[in-house]
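Written below as structure tokens is the structure these notes are about.
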Amino acid sequence: CYKTTMPRAGVPVAFSVQVENKSYYMCCERECGEMIVRFKEGEVPKEIPGESNIIFFKKTFTSCCS
């Protein structure tokens, strides 16, 4: 979880996983004119100044949400 000064819907979070002693983080990038989500090798920084392609906003969904 990260703190933010920008009001947005949801809690700012970053995702990371560890596979066979290697860490990977999830990021969003533009490729061929489309936004895609992928994992890259590396650690998620403890502090992220400004905007970032690794911060996602956690939202709660229910079975009735589209």
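The values are calculated or read from the model by the stated rules, or taken from the named source; none is laboratory data. Since we're looking at a predicted model, the values are computed, not measured. Here the Cβ is made from the backbone with ideal geometry for all residues, glycine too, and neighbour counts use every protein chain on show. When the accessible area is computed, the model is the full protein with side chains, heavy atoms only, and any ligands, DNA or RNA have been set aside. Shrake-Rupley method; radii C 1.70, N 1.55, O 1.52, S 1.80 Å.
Select from region 34-45 the residues that are open to solvent by 100 Å² or more (accessible area, probe 1.4 Å) and either touching a Lys or Arg at 6+ places or on another chain (Cβ under 7 Å) or not aliphatic (A, V, I, L, M) (or both) and list them in ascending order.
From region 34-45, those open to solvent by 100 Å² or more (accessible area, probe 1.4 Å) are 34-35, 39, 41, 43; that's our starting set.
Correct list: Glu34, Phe39, Glu41, Glu43.
Has region 46-59 got any residue that is open to solvent by 70 Å² or more (accessible area, probe 1.4 Å), under 11 Å from the mean Cα position of the chain (by Cα) and either modelled with pLDDT of 90 or more or β-branched (Val, Ile, Thr) (or both)? No; the residues of region 46-59 include none that is open to solvent by 70 Å² or more (accessible area, probe 1.4 Å), under 11 Å from the mean Cα position of the chain (by Cα) and either modelled with pLDDT of 90 or more or β-branched (Val, Ile, Thr) (or both). Can you find even one residue in region 23-42 that is at pLDDT 90 or above, part of a loop (DSSP other than H, G, I, E, B) and among the small types (Gly, Ala, Ser)? Yes. Selection within region 18-33: residues that are closer than 17 Å to Phe56 by Cβ and either loosely packed, with under 13 Cβ neighbours inside 10 Å or of a type in the set (Lys, Arg) (or both). The member of this set that is nearest to the chain's Cα centre (by Cα) is Glu29.
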